[in-house]
Structures are given as C-alpha cells and as structure tokens.
Amino acid sequence: MDTIEVKCRAKLNLSLDVIGIREDGYHLMDMVMQSVDLADTLLFKKTNKNEIEIVSASGDAPRNEDNLIYKAAKLLKERFKINDGIRIEIEKKIPLNSGLGGGSADAAGTIVSLAKLWKIDAPKDVLFEIGLMLGADIPFCMWGGTARVGGIGEKIKYLKPLINVPAVILMPSIGISTREAFKRIDRLKDYERPNTEILISAIEAEDIDVISKNLVNVFKTSGLSPQSDRPIELLKSHGAMGASMSGSGSAVFGIFDSKKSALSALRRIDDRYLGFLTHFVDSGLSLKM
C-alpha cells in the first residue's frame with residue numbers, strides 16, 4: 001500500500017463552556033461536539049525522498065511547521081523513526097480560522113493515515129496522545145461522531161451518534177482569534193452557560209427539537225462575537241430550529257427539520273455570506289486505501 005486518501009470532516013460545537021484554567025494556562029472545557037460531512041480531502045503518497053512534501057490545490061497552504069499537517073507528519077516520522085518520505089496533496093473545503101476545526105481534522109487525518117501507511121503499530125491512546133500534543137480538538141477529530149469533550153480535549157465520552165441531521169453553516173467575514181477570545185472571556189463573569197446535561201439527554205433521545213433549543217456557546221452568549229448575531233438571526237428567520245456559533249467563531253450554523261428547508265434557507269441567504277449545506281455524520285474521518 002503506497003497511497004491513502006482521507007476525508008477529514010469539520011466539527012460543530014453543539015455546546016461550549018469554559019469551566020476553568022490550569023496553572024499552565026490551558027483552559028478547561030466542557031463541550032458537546034458533532035462531526036459533519038463538510039470535509040477537506042488529503043491524499044498521501046509514499047516517496048523515496050525521506051522528506052515531507054505538501055502540495056495544495058489552492059496554493060495557499062503553508063509547507064513548513066506553520067502547517068498542522070506538516071507538524072503531525074514530522075512528529076510521527078521522528079517518534080517512530082520512519083525513513084520513508086511522504087507527499088501530501090490537500091484539497092481544502094473547510095474555511096480557515098472558522099471554528100470548524102479544519103486544521104485539527106487535517107492533523108487527525110494525517111496521524112491516522114500515516115500510522116496505516118507507515119505500518120506504525122501503536123495503540124489508539126498513543127495516537128490520541130500525539131494528537132493532543134498538537135491541538136485540543138485533534139483527538140475528537142480522529143474518530144468523531146457525537147461526543148462530550150472535557151479537560152483540554154483529552155476527556156472524550158462518545159454519545160449516541162446523531163446522523164443525517166441537516167444543517168447550514170454561514171461564514172461572517174470577520175472574527176477574533178481563539179487566543180484573543182480566551183483572553184476576553186477570562187475577564188467576564190456574567191453570561192449564559194449551556195445546560196449540558198439537558199443537551200446530552202436530548203441527544204440520547206434523538207430529540208432534535210430540544211437539541212436545537214439548547215445550542216449554547218459561551219463565546220457567543222458572552223457578547224464576544226457580535227459579528228455572529230446577524231447570520232444567526234438570518235438562519236432562525238429562514239426556518240432554523242436553532243442556531244449557534246462553532247468554536248470561537250467565526251462560523252455559525254443552524255439546524256433544520258429537513259434537507260429541503262435547509263437548502264431553501266441557504267439559497268435565500270447565500271448572497272450575503274459564504275454558506276454550506278451539510279449534515280451530521282457518525283465519524284470524523286473516512287479513509288480510502
């Protein structure tokens with residue numbers, strides 16, 4: 001086996017809460033995360049060059065250690081003393097700096113794909129550990145589906161998977177960096193927080209109506225992302241059962257009762273925002289060997 005293609009899927013935060021901060025400065029999270037079918041595609045090809053080569057169809061992907069894909073490949077290569085080279089071709093669909101976890105999904109896809117391609121015999125928890133070294137969302141993105149994620153991303157409790165729930169994602173043109181969002185929320189005290197237990201009970205019951213009414217992200221409810229207000233209201237006014245923001249933004253999403261109603265909303269909105277029709281899926285990666 002010399003090639004692997006992997007679909008690296010975006011994630012949505014059905015809920016997001018910041019519940020503390022560790023002595024080392026890392027924030028403690030309590031989140032419910034959901035994979036969707038919006039995905040980047042990565043193609044891995046073995047080479048004899050003993051180097052990591054990254055090629056992007058759009059030409060805008062960093063080709064060095066500024067790229068999480070490169071970091072993940074280099075970490076695996078060094079840790080397991082791999083002499084093979086690798087060429088990685090990237091087709092980006094997930095917007096950058098959106099809160100949709102595109103970089104984390106790509107790193108997750110890199111770790112899982114290269115472990116197979118390079119025949120790395122490592123247990124799942126070792127791959128999780130490698131992912132966590134690079135980013136808090138990466139362990140979830142490796143397997144995806146529907147899960148409650150805590151700590152700094154290392155505590156993952158998989159829930160009954162939600163599938164085929166239609167959603168529309170909109171991209172406001174501006175946002176704030178994740179680092180800046182955490183700095184600001186550390187200074188705030190009074191804002192709406194998610195009722196995670198109600199949300200999880202609704203997920204287990206597959207009650208989409210209750211799920212939609214309990215989409216709470218503290219980066220949104222704390223008033224840190226006013227640019228998300230307008231697209232969220234547009235989604236609701238065009239039939240979304242509920243809407244919220246993913247991560248620290250800038251992407252927002254709405255849940256719909258049918259693909260038809262989601263597509264209708266997107267058609268009426270998409271001249272104002274970059275938009276995507278998507279749906280919930282039960283895995284974060286899809287490999288083709």
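Checking I185, I200, I211, I174 one by one, the residue that is touching a residue at least 60 places away in the same chain (Cβ under 8 Å), surrounded by 22 or more Cβ atoms within 10 Å (Cβ to Cβ) and over 26 Å from V6 (Cβ atoms) is I211 and no other.
In this structure, is I120 touching a Leu at 6+ places or on another chain (Cβ under 8 Å), among the β-branched types (V, I, T) and assigned to a helix (DSSP H, G or I)? Against the criterion (touching a Leu at 6+ places or on another chain (Cβ under 8 Å), among the β-branched types (V, I, T) and assigned to a helix (DSSP H, G or I)), I120 does not qualify.
In the list S98, S113, which residue meets the criterion of being under 24 Å from L199 (Cβ atoms), surrounded by 18 or more Cβ atoms within 10 Å (Cβ to Cβ), of a type outside the set (F, W, Y) and not assigned by TED's automatic domain parsing to the domain that holds I208? Step through it out loud before you land on a result.
Details: S113 fails: under 24 Å from L199 (Cβ atoms).
Of S98, S113, the one residue that is under 24 Å from L199 (Cβ atoms), surrounded by 18 or more Cβ atoms within 10 Å (Cβ to Cβ), of a type outside the set (F, W, Y) and not assigned by TED's automatic domain parsing to the domain that holds I208 is S98.
As a summary of the residue check, A136 satisfies the conditions (1) of a type in the set (G, A, S); (2) at pLDDT 95 or above; (3) surrounded by fewer than 21 Cβ atoms within 10 Å (Cβ to Cβ); (4) under 17 Å from L14 (Cβ atoms) except for the one numbered (2). Checking each residue in region 153-171 for being under 24 Å from Y26 (Cβ atoms) and surrounded by fewer than 16 Cβ atoms within 10 Å (Cβ to Cβ) picks out E154, K155, K157, Y158. Looking only at residues that are without any contact (Cβ under 8 Å) to a residue 60 or more places away in the chain and either out of contact with any Phe, Trp or Tyr (no Cβ under 6 Å at 6 or more places or on another chain) or not hydroxyl-bearing (S, T, Y) (or both) in region 214-224, which one is surrounded by the most Cβ atoms within 10 Å (Cβ to Cβ)? Top of the filtered list is K220.
Filter region 31-53 down to the residues that are among the hydroxyl-bearing types (S, T, Y) and closer than 30 Å to N13 by Cα, then identify the one that is surrounded by the fewest Cβ atoms within 10 Å (Cβ to Cβ).
Of the residues in region 31-53, the ones among the hydroxyl-bearing types (S, T, Y) are 35, 41, 47.
If we keep only those that are closer than 30 Å to N13 by Cα as well, we get 35, 41.
On the way: S35: 29, T41: 18.
The residue in question is T41.
Against the criterion of being part of a strand (DSSP E or B) and not aromatic (F, W, Y), D24 does not qualify.
If the condition is being touching a residue at least 40 places away in the same chain (Cβ under 8 Å), part of a loop (DSSP other than H, G, I, E, B) and farther than 15 Å from I200 by Cα, then region 133-162 contributes G135, A136, D137, G144, I152, G153. If you go through region 62-87 and keep only what is in contact with a Lys or Arg (Cβ under 8 Å, 6 or more places away or on another chain) and either in contact (Cβ under 8 Å) with a residue 60 or more places away in the chain or buried (at least 20 other Cβ atoms within 10 Å of the Cβ) (or both), you end up with Y70, I86.
With A147, A205 as the choices, which residue is of a type outside the set (S, T, N, Q) and buried (at least 17 other Cβ atoms within 10 Å of the Cβ)? Spell out how you get there, then give the answer.
Working: A205 fails: buried (at least 17 other Cβ atoms within 10 Å of the Cβ).
None of the other options fit; the residue is A147.
Among the residues of region 231-249, those identified as part of a loop (DSSP other than H, G, I, E, B), surrounded by 24 or more Cβ atoms within 10 Å (Cβ to Cβ) and at pLDDT 95 or above are A240, S246.
The values are calculated or read from the model by the stated rules, or taken from the named source; none is laboratory data. What you see is a predicted model, and the numbers here were worked out from it, not measured in a lab. Neighbour counts run over all protein chains shown; Cβ positions are idealised from the backbone, glycine included.
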